[in-house]
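The block underneath contains the structure these notes are about, expressed in structure tokens.
The values are calculated or read from the model by the stated rules, or taken from the named source; none is laboratory data. These figures come from a predicted structure and were not determined experimentally. In this analysis, Cβ positions are derived from the backbone assuming ideal geometry, glycine residues included, and neighbour counts consider all displayed protein chains. Surface areas here come from the heavy atoms of the whole protein model, side chains and all, with no ligands, DNA or RNA. Shrake-Rupley method; radii C 1.70, N 1.55, O 1.52, S 1.80 Å.
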Amino acid sequence: MDMRIHNALHETVLKLLRPLVRVLLNHGVSHGAFAELSRQAFVEEGFAHMARGGKRPTVSGVSALTGLSRKEVKRLNEADEDALSAAGQRRNRAIRVISGWMNDADFQVSGEPAPLPIEGETASFTDLVKRYSGDVTPAAMLSLLEDSGNVGVVDGRAVLEKKAFIPMATPLDRLNILGTDAGELIQTIGHNMMAEPSDRLFQRKVSNALVRKDVLPEFRELSNRRSMELLEEYDAWLSEREVTSQDEEAAYVAVGIYYVEHSEQEIDP
């Protein structure tokens, strides 16, 4: 490997790991535990890497690719599913419920999400949850959306108070966002590094290191409002084009927007 690329990769990995390690230290995760997770990630991606290359994934092949022993690869390949998977499923189902509330005319009044009676066969919160959340019970979904601040109950009706579902009620919810959203951004950047120009995915940001501090609250409000409007437009567009039968092929797509603010002294060199 070109030493310039090698050194740049080392610097890049450190920039990725420092904020992650900050989170791990805050939650009491030791280097040993992180090293075990790193080995797990190398094994999982090793099998996926071989499959993408058209090769039959084997323990021996992944061992040669990753530098881990065959015994270690076999052990890690047989490990249990990630404990965060349940939190991820709850998040996805809650997003579908809110999206249905915002885009399905059966649950709207004058184009806006309607206050819904908790129970009822049609046009109720129970009906909404059954239609969009799979096997999550209406009571469990209502509790989740109340905890996240998305839904309030007024005079026996569920009212959509916040359209963006950002689950912060439990540590599992917060950690799931870290894993999913940061992972998706890295996946997009990695794809763009290897892809032909015509096949690259959209990946842009705007930044400025000379902004007056007194205007930051104004820009936060502007960016929050305009970003939410754009995401709601995307959500409505996608909702109108979801598969309607099991015979159609479905795909996952996401667009994320994030905001960062810090002083000049905190900017990493």
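Using 0.36 nm per residue, how much length does the chain from residue 231 to residue 69 gain when fully extended, once their Cα-Cα distance is taken away?
Taking 0.36 nm per residue and subtracting the Cα distance, the gain is 53.8 nm.
If the chain were replaced by its equivalent ellipsoid, with semi-axes equal to the square roots of 5 times the Cα gyration tensor eigenvalues, what would those be, largest first, whole Å?
Each semi-axis is the square root of five times an eigenvalue, giving 37, 26, 20 Å.
Over every pair of different alpha-carbon atoms in region 205-269, take the mean of 1/r and invert it; report that Kirkwood radius in Å.
In region 205-269 this quantity evaluates to 15.2 Å.
Hey, can you find the accessible area per residue of the chain for me, probe 1.4 Å, expressed in square angstrom?
Here the residues of the chain average 73 Å² of exposed surface.
Between residue 40 and residue 249, take the C-beta separation as r, use R0 = 35 Å, and let me know the FRET efficiency to the nearest 0.05.
Between residue 40 and residue 249 the formula returns 0.70.
Would you kindly state how much longer the chain becomes between residue 208 and residue 187 on full extension, computed as 0.36 nm times their sequence separation minus their alpha carbon distance, in nm to one decimal?
Extra length available between residue 208 and residue 187 comes to 5.1 nm.
Gaussian network model of the chain, Cα springs within a sub-10 Å range: biggest mean-square fluctuation belongs to which of 95, 177, 257?
Ranking 95, 177, 257 by mean-square fluctuation puts 257 first.
Using only Cα atoms, locate the centre of region 107-133 and the centre of region 7-68, then give the distance between them in Å, rounded to an integer.
With region 107-133 and region 7-68 each reduced to a Cα centre, they are spaced 44 Å.
Write out the GluC sites (Glu not before Pro) in region 217-262 meeting two conditions: DSSP loop, and at most 14 other Cβ atoms within 10 Å of their Cβ.
Working: sites: 218, 221, 229, 232, 233, 240, 242, 248, 249, 261; in loops: 240, 242, 248, 249, 261.
Sites meeting the loop and neighbour criteria: 240, 242, 248, 249, 261.
Using the Cα centre of the chain as origin and beta-carbon charges of +1 (Lys, Arg) and -1 (Asp, Glu), tell me which of 32, 207, 258 is placed farthest towards the positive end of the dipole.
Result: 32.
Taking residue 130 as the anchor, which aspartates and glutamates have their alpha carbon closer than 15 Å to its alpha carbon, excluding any fewer than eight residues away along the same chain?
Filter leaves 104, 106, 119, 121.
Enumerate by residue number the trypsin sites (Lys or Arg not before Pro) in region 174-269 meeting two conditions: DSSP loop (anything except H, G, I, E, B), and at most 10 other Cβ atoms within 10 Å of the site's Cβ.
Hits after loop and neighbour filter: 204, 205, 212, 241.
May I ask you to derive the FRET efficiency for residue 112 and residue 11 from their Cβ-Cβ distance with R0 = 45 Å, giving the value to the nearest 0.05?
It comes out at approximately 0.40.
What's the longest piece of the chain with no exposed chymotrypsin sites (Phe, Trp or Tyr not before Pro), counting a site as exposed if DSSP puts it in a loop and it has at most 16 other beta carbons within 10 Å?
1-201
Specify which residue in the list 141, 59, 103 is farthest towards the positive end of the charge dipole of region 9-163, using unit charges on the beta carbon of Lys, Arg (+1) and Asp, Glu (-1), about the Cα centre.
It is 59, whose Cα lies furthest towards the positive end.
First compute the accessible area of the chain with a 1.4 Å probe, then give the percent of it belonging to carbon and sulfur atoms. The partial results should precede the final answer.
Numbers: 10900 of 19710 Å².
Ligands and nucleic acids excluded, carbon and sulfur give 55 percent.
Kyte-Doolittle mean at least -1.0 and Cα extent at least 18 Å along the axis: which DSSP H helices of the chain qualify?
Membrane-span-like by this criterion, though nothing is claimed about a membrane: 3-26, 31-52, 85-103, 171-194, 216-239.
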